[in-house]
1. Name the single residue, out of those in the stretch 104-115 being charged (D, E, K, R) and under 21 Å from ALA54 (Cβ atoms), that is surrounded by the most Cβ atoms within 10 Å (Cβ to Cβ).
2. Consider only pairs whose beta carbons are under 8 Å apart and that are at least six residues apart or on different chains; among these, list those whose first residue lies in the stretch 36-55 and is farther than 22 Å from GLU127 by Cβ and modelled with pLDDT of 95 or more and whose second residue is part of a loop (DSSP other than H, G, I, E, B) and of a type in the set (A, V, I, L, M).
3. Scan the stretch 116-130 for residues that are exposed (fewer than 11 other Cβ atoms within 10 Å of the Cβ) and over 18 Å from the mean Cα position of the chain (by Cα) and jot them down.
4. Could you tell me whether any residue of the stretch 58-81 is in contact with a Phe, Trp or Tyr (Cβ under 6 Å, 6 or more places away or on another chain) and within 27 Å of PHE21 (Cα to Cα)?
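The values are calculated or read from the model by the stated rules, or taken from the named source; none is laboratory data. None of these values were measured; they are calculated from a predicted model. For neighbour counting, all protein chains shown are included, and Cβ atoms are generated from backbone atoms with ideal geometry for every residue, glycine included.
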Amino acid sequence: MRSAIDLTPYRRSTVGFDRLFDFLENSARADQPDNYPPFDLERLSDDRYRITLAVAGFKRDEIDITARQNLLVITGRKADSRGKDANYLHMGIATRAFERRFELADFVRVELADLQDGLLTIELVREIPEAMKPRKIEISSGASVETKAKSEKAAQEPQAEEVA
């Protein structure tokens, strides 16, 4: 049994985390009993990840991978290739359609996808733009700011013309 999480105190003291809080609240409410197809999620390094889905029986053209801003959607639609005339005693190979969604953090993009031996592998990388990376801010002394302001003010005042 899950209990509701109240994120209101955090919402009041943070700025720009609305999407994260909405995601946490929605995922706490959503029941996802279907775990098909099974998957692994690996962290390869600080900024690299790998998702591996077991999609045995699916061909490349039956799987669609769509990357949107902060969302990765993987869908599979199996063409009904099993013969209607076949006399199956047991049908245990899953051929049902699926959709798997993964919420992605900002600046995470899909680098590549590969299907081999019934495993779909998706490599993800987080690339933070240079403008978003931390940078050192120089602290100037008040004297240099005053000197600069005075020199700018002097440059703006009109010069008196000399009378000959």
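1. Per the criteria, the residue is GLU111.
2. Here the result reads none, with nothing in the stretch 36-55 linked to a residue that is part of a loop (DSSP other than H, G, I, E, B) and of a type in the set (A, V, I, L, M).
3. Of everything in the stretch 116-130, those that are exposed (fewer than 11 other Cβ atoms within 10 Å of the Cβ) and over 18 Å from the mean Cα position of the chain (by Cα) turn out to be GLN116, ASP117.
4. Within the stretch 58-81, one or more residues are in contact with a Phe, Trp or Tyr (Cβ under 6 Å, 6 or more places away or on another chain) and within 27 Å of PHE21 (Cα to Cα).
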